[in-house]
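Asks: Before we start, here is the structure in question, set down as structure tokens.
The values are calculated or read from the model by the stated rules, or taken from the named source; none is laboratory data. What you see is a predicted model; the values in this text were computed from it and never measured. FYI the Cβ positions are ideal-geometry reconstructions off the backbone, even for glycines, and counts take in every protein chain you see. Areas reflect the complete protein model, heavy atoms only, side chains present, ligands, DNA and RNA absent. Shrake-Rupley method; radii C 1.70, N 1.55, O 1.52, S 1.80 Å.
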Amino acid sequence: MSLLLLDSLKDGLAEEYVQLLNQNPEFYQDAEKYLQDLLINDDLLSTDPFTTSTTPSSSTAHDDTNDPSPHRKTLTEEIAELDLSQHQINTKLSSITNTHRDLIIDISNDLQFVNHQLTHEYLQYSDGLLKMLSSDIRAEPIVSQFSVRANISINNTILNKIDSVLDILELPTLCKLCILQGNYQESLEISIYIQSLMIRYPKITLFREINSRIDHELKVMIKGLIRLLNTNLKQNHILKIFQILNKLFDSNKDSDLVLIKIFLNSRYKFIVNEVGSLKPLIKFNKLTYLKRFIEIYREFIFSSLSIYHIIFKNNQQVVLINQFIRSLVGMLCDEFKTYLPDIKAQKTDDSYESEIDLASSIDGLVLQLIYLCRSLSNFHLDFEPIILLELVSTTNLISESDWLRNLSKVKIKHR
């Protein structure tokens, strides 16, 4: 019976299974045995109606309490349970696919990209590599240059000194950390160390790459130091900064000129920022504004020139210093031309005392201006002629008699 059933079913099978049945006696016997088991299994071939629940009803349970045999599944029940299980699995797979659809799309794109690389570009790269290797082998055999034993020895040496190798690779990061913490001298020492390694081992390209990364960090440090010079620093801090900048620009033959320009430019910006912070005083008292303006000039111009002569003892760039002073004095004259007429035009109560107070205040302002001119005489700088030209001779904002009278007070005090 099972042989007839197998022969009748064989015609509907795929070609490969038909050949397997014809050529493999063991496979044929297993198939026959399987059909024989199906034919003698009364439970699977049962035609009892299918019920959705395998749990018997209360009445059936009452009737079957004396029946010791358990409930047996029919073929229909087996098929229904398999269909239900398949449906649940498909639902779960659909839910997982919908949840991770972005990941699936990305993986699909990556697979397509890898497939493209392997099918197209890989062949080109491999052909090019083979050509390069063949040309190198023809020029000089690689085996003659580096033997396997030599390579093993080199690798062992690197592994034995791996800590030193990692320390060298971390030098750019260490240099950046030193700069962030304000340890500028240590960052310079790191740069000097890597340069010594470059000189000692000129053929190692890794040292040149590390040196380029350290140079980038040092350039960032230079920008930060220059921005720092635009702030109100003490003399010691400015001297330390220029010691570091001098080492960084030491290889440049015009290093002194570059440093002088950096110093004067940073000091100019600092003084301009300081007097700019006085602008709110204009709304309340213009006379106080001008007095504070002169006080800032007198303090910071004098200190800037003092530090300049300490740093650049043997390089006095007279043209640059005069340009620095003229720019600041020009700004001072502009402020006087703008606000001194308003101060003189202030309304008083027409009393003799108020007029005397106003004249005394203006005399005090002129006296401060003269002291400012005299404070720079130690540096052989005299911008009094510029003040006289801009405020006395041309605009007559300050009368010549007022200037001479206050100038005599200064001379008397210096006798």
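Asks: Looking at (1) among the aliphatic types (A, V, I, L, M); (2) open to solvent by less than 90 Å² (accessible area, probe 1.4 Å); (3) modelled with pLDDT of 85 or more, find the lone condition where Ala61 falls short.
Replies: Unmet condition: (3).
Asks: With respect to Ile412, determine if the residue is among the aliphatic types (A, V, I, L, M), open to solvent by 30 Å² or more (accessible area, probe 1.4 Å) and either farther than 20 Å from Lys283 by Cα or at pLDDT 80 or above (or both).
Replies: Here the answer is yes, as Ile412 does meet what is asked.
Asks: Let me ask something else. Just give me the residues in region 241-278 being of a type outside the set (A, V, I, L, M), out of contact with any Phe, Trp or Tyr (no Cβ under 8 Å at 6 or more places or on another chain) and assigned to a helix (DSSP H, G or I), in sequence order.
Replies: Across region 241-278, the qualifying residues are Gln243, Asn246, Lys247, Lys261, Asn265, Ser266, Lys269, Asn273, Gly276.
Asks: Go through Ile238, Ile260, Ile222, Ile244 for me and flag whichever is of a type in the set (Val, Ile, Thr) and either farther than 20 Å from Lys313 by Cβ or loosely packed, with under 12 Cβ neighbours inside 10 Å (or both).
Replies: Ile222
Asks: Give the residues of region 290-301 that are open to solvent by 30 Å² or more (accessible area, probe 1.4 Å) and within 40 Å of the chain's Cα centre (by Cα), sorted by residue number.
Replies: Glu299
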